[in-house]
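**Student:** Before I ask anything, here is the structure I am working with.
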Amino acid sequence: MKKLLRIGITLLITALITPSLFAQLQSPDEFLGYELGERWTPHHRVVSYVNHVAENSDLATVHPYGTTNQHRELVYLVVTSAENHSNIEEIRLNNLRLTGLQPGEATPNRKAIVWLAYNIHGNETSSSEAAMKTLYELVNPANLESKEWLRDAVVIIDPMMNPDGRDRYVNWFNGIVGSEMNPNPESREHNEPWPGGRSNHYYFDMNRDWAWQTQKESRYRIAIYQEWMPHVHVDLHEMGYNSPYYFAPAAEPFHKVITDWQREFQTTIGKNHTRHFDEEGLLYYTREVFDLFYPSYGDTWPTYNGAIGMTYEQGGGSRAGIGVITEEGDTLTLKDRLYNHYLSSMSTVEVTANHADRVVSEFAKFFDDAVNNPAGTYKTFVVKADNNPDKINHLLRFLDGQKIRYGTAGSSRNTRGYNYKTGQTERVSISAGDIVVNVRQPQGQLARVFFEPNPELADSLTYDITTWEAHYRFGLDGYALESDIRPDMNISPEDFRQVTRTGAEKPYAYVARWTGMDDARFLAEITKQGVRSRFSTVDFQMEGNSYKRGTLIITRGNNNHLGDAFDEIVEAAAEKHERSLYGAPTGFVESGSDFGSNRVSFIEKPKIALVLGEGTSSLNAGEIWHFIDQQLQYPATLINTDDFMRFDLDSYNTLVLPSGSYNGVLTDNAMEKLSAWVRGGGTLITIGNTNQLFTNRNGFQLTRKYAETEEPAMDKMLAPYADRVRRNISSSTSGSAFKVTLDTTHPLAFGYDQEYFTLKLSADSYSYLESGWNVGTVREGAYRSGFAGAKAKPMIENSLSFGVQSYGRGQVVYMIDNPLFRGFWENGKLLFVNSLFFVGN
């Protein structure tokens, strides 16, 4: 009896004390002062709320991990039981030890780790609202079920991955909406203006940047991701507002590195969702549209890092506003949208916690199999040591960022392998110093994804580009081998920085080679500081050293205006960008042209204008803006399309037109203005779809290439309606690699070898210029990697990729292919720099 009395008193005291412990913990509605979904919560209030939860619950901690370009804070939360929090570092390191990326033996203290990632597309706003609701229900003391889950799982929540884009959208909407929202989709609140809130500050789609990490937000996030390596990762999105909810399992094609377990548990998670969605009577679909192939999504990149990576899509997006009338006559509200994301988020934690032991063991097996039982045809990928050392440096830095290990071959040998350059399996020679990436390593699956010559597509109906192979991206020669070559010694990117300063101390001219983006950044730096440079248009020799076309020649005589600062500027920039300099004591060369020759061209300082706004692709405009501003670090003036007819073109010598339709912008009057400017000496650069606006117009020589017409066959005329999409793709390519033959005597191709591999984003093709310079051309047999339809390949062959037309005293650079696409096709960037600094000089 006394024992029962003591138990009763204990329970009473616990009941009295527990509410006071959490008395300050507020729900989102209580903290914000409105019901979630009535309005949007701006970034700073979301951060305030998650900090409030962390301060008032022992189940959550908040961690800043970076800032955006607009200085907004990026944070993530760790949510788990109090006991797990007391051992959280042990849990985290144990998990890394299971991957083999962290040395040491894991202790038995292992928990399933779930990462919920919200709002990477800024105008898909409901997920950040759902993040707050999910967070609260995980820590809410009244929710006993979630406390059970948190004993077996650690939940990481990133409540807003793209606050710059989200606040752009939210602030726009709040500035134009009336006292009440209007659900009529024709209302202006449902028609977001350019550039929209989807992208970040530089108009990049960050859900295509997980692998490439060109954006600072991506780099910050991935660094934290790699500290945890979650077992389940969910990327929550929105799509068109008429669509029902989408969740896993994903659609085909699945990349071949995806394991049976990863497929199986996606289905397990999906079935758990169906139970909850069925109870609520909610519509949903699975296994359509959203595949697992392109490696730089928020579902695929985690998948290739061992996780169960998934995309969840809620109908909504920017056109949904706070509420919108759907085509079925229902009103879809922000409250509906955030609730559905909350439901799938909680279901994900639930099902993962319920299978925690299996989830952890299969995760460990993913990495163990990569080391001991690697799949795939190719076991070793080789990068030749005699490649451009700067390009090797950049590749190795990329591999370091992915935790992919590499070394040297150690000895010479001959074997058979796939030659990336020729596209053939043949006899190849391996040298001792060649770099090898062997798949027998923890990140062996990820290495396969980045290096496989032509990853197998189970289904050609895919959501994105289908090639990204590293040799083509970085412009490197090498091989894929079926044989198993283990790295002999450790090397680092810095081993391929060969920086020297030779020649005269106070030279007649500084000489610097021109081979890649590091040289371009060096030139941009000194040009900004007033240094005047020249470049050689011919090969030459000096003191026994050979220099190729494009070599920079920076003469003292051209820079007398800088006085003693001349040497300081040039040498400091060379040191900063790790560039070798030769101090030439004279302008006389042993062969080639002397420095005073007309064949050594003076570089007129580029005064760049970039046109962007309505009518242009915000993504391509952002790629160019980011490249010039952040990668090249050179000034440019951004001009709105609405102002095109008003601004003075004569203030600039270089004009860049991103891909776009230019509806209402490039009118006849605008084209005449543009033509007169080019004739007067300007350099015009047109990219992607914009080129079609210059076909046979105003003296521009570009012409489209069309397939030969043929009578439709009977089987095609009688083909079933269900096959319509599959029929159309035979004439398309969404992103494949083709060999381009370059005229390396033209300034646009300086710094390149004769063969360049381009990323073809469409089958739209253009004929060779009849009286211009066909600098980059796709010839027969040029296809290398990725999907290109049977009808697309002959259209792309014998077509123009990069051309230059002389137009009066000016030049037009036609870039049919976009060398800056998503900022990741590294070997294309110098082409764009050449168009800025060399073409026309």
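The values are calculated or read from the model by the stated rules, or taken from the named source; none is laboratory data. Values in this document were obtained by computation on a predicted structure and should not be read as measured data. With ideal geometry, Cβ positions are generated from the backbone for all residues, glycine too; neighbour counts draw on all protein chains shown. Only protein heavy atoms, including side chains, enter the accessible area calculation; ligands, DNA and RNA are left aside. Shrake-Rupley method; radii C 1.70, N 1.55, O 1.52, S 1.80 Å.
**Student:** In the range 103-135, how many are surrounded by fewer than 24 Cβ atoms within 10 Å (Cβ to Cβ) and either of a type outside the set (Asp, Glu) or under 22 Å from the mean Cα position of the chain (by Cα) (or both)?
**Tutor:** Of the residues in that region, 8 qualify.
**Student:** Further, regarding this structure: Could you identify the single residue in VAL50, VAL62, VAL79 that is within 30 Å of GLY323 (Cβ to Cβ) and either open to solvent by 20 Å² or more (accessible area, probe 1.4 Å) or touching a residue at least 24 places away in the same chain (Cβ under 8 Å) (or both)?
**Tutor:** That would be VAL50, the only listed residue that is within 30 Å of GLY323 (Cβ to Cβ) and either open to solvent by 20 Å² or more (accessible area, probe 1.4 Å) or touching a residue at least 24 places away in the same chain (Cβ under 8 Å) (or both).
**Student:** If you check ILE156, ILE176, which single one turns out to be over 25 Å from ARG221 (Cβ atoms), surrounded by fewer than 24 Cβ atoms within 10 Å (Cβ to Cβ) and aliphatic (A, V, I, L, M)?
**Tutor:** Of ILE156, ILE176, the one residue that is over 25 Å from ARG221 (Cβ atoms), surrounded by fewer than 24 Cβ atoms within 10 Å (Cβ to Cβ) and aliphatic (A, V, I, L, M) is ILE176.
Yes or no, residue by residue, for (1) within 30 Å of the chain's Cα centre (by Cα); (2) aromatic (Phe, Trp, Tyr); (3) open to solvent by 10 Å² or more (accessible area, probe 1.4 Å):
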| position | (1), (2), (3) |
| --- | --- |
| GLU137 | no, no, yes |
| ARG168 | yes, no, yes |
| ASN191 | yes, no, yes |
| TYR202 | yes, yes, yes |
| ARG221 | yes, no, no |
| TRP228 | yes, yes, yes |
| ASP235 | yes, no, no |
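**Student:** Being more than 22 Å from VAL360 (Cβ to Cβ), of a type in the set (Asp, Glu), buried (at least 18 other Cβ atoms within 10 Å of the Cβ) and under 28 Å from the mean Cα position of the chain (by Cα): is that true of ASP299 here?
**Tutor:** No, not satisfied.
**Student:** Can you pull out every residue in the range 41-81 that is assigned to a strand (DSSP E or B) and closer than 18 Å to VAL114 by Cβ? Give the derivation first.
**Tutor:** Initially, the range 41-81 is screened for residues assigned to a strand (DSSP E or B), giving 60-67, 73-79.
If the condition is that a residue be assigned to a strand (DSSP E or B) and closer than 18 Å to VAL114 by Cβ, then ALA60, THR61, VAL62, HIS63, TYR65, VAL75, TYR76, LEU77, VAL78, VAL79 are the ones that fit.
**Student:** Looking only at residues that are under 28 Å from the mean Cα position of the chain (by Cα) and part of a helix (DSSP H, G or I) in the range 372-390, which one is surrounded by the most Cβ atoms within 10 Å (Cβ to Cβ)?
**Tutor:** The residue in question is ASP390.
**Student:** Now a separate question. Could you check the range 293-341 and list, in sequence order, the residues that are of a type in the set (A, V, I, L, M, F, W, C) and under 23 Å from ASP29 (Cα atoms)?
**Tutor:** Those that are of a type in the set (A, V, I, L, M, F, W, C) and under 23 Å from ASP29 (Cα atoms): ALA320, ILE322, VAL324, LEU332, LEU334, LEU338.
**Student:** Pairs please, first residue from the range 622-645 and within 20 Å of ASN834 (Cα to Cα), second anywhere and at pLDDT below 95 and open to solvent by 10 Å² or more (accessible area, probe 1.4 Å), Cβ atoms under 9 Å, 6+ apart in sequence or on different chains.
**Tutor:** As it stands, the answer is THR637/PHE647, since those pairs meet every condition given.
**Student:** Out of TYR241, TYR304, I need the residue that is at pLDDT 95 or above and farther than 28 Å from PHE821 by Cα. Which one?
**Tutor:** Sole residue among the options that is at pLDDT 95 or above and farther than 28 Å from PHE821 by Cα: TYR241.
**Student:** Select, from ALA572, ALA565, the only residue that is within 33 Å of the chain's Cα centre (by Cα), among the aliphatic types (A, V, I, L, M), surrounded by fewer than 16 Cβ atoms within 10 Å (Cβ to Cβ) and closer than 21 Å to LYS506 by Cα.
**Tutor:** On inspection, the qualifying residue turns out to be ALA572.
**Student:** Considering (1) open to solvent by 10 Å² or more (accessible area, probe 1.4 Å); (2) within 26 Å of THR466 (Cα to Cα); (3) of a type in the set (Ser, Thr, Tyr), say which one SER801 fails and leave the rest.
**Tutor:** (1)
Per-residue answers, yes or no, for (1) touching a Gly at 6+ places or on another chain (Cβ under 8 Å); (2) surrounded by 24 or more Cβ atoms within 10 Å (Cβ to Cβ); (3) not small (Gly, Ala, Ser):
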residue: HIS231; (1), (2), (3): yes, yes, yes
residue: LYS256; (1), (2), (3): yes, no, yes
residue: LEU283; (1), (2), (3): no, no, yes
residue: ASP291; (1), (2), (3): no, yes, yes
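**Student:** Please work out if ASN51 is closer than 24 Å to ILE222 by Cα, touching a Ser or Thr at 6+ places or on another chain (Cβ under 7 Å) and modelled with pLDDT of 95 or more.
**Tutor:** Here the answer is no, as ASN51 does not meet what is asked.
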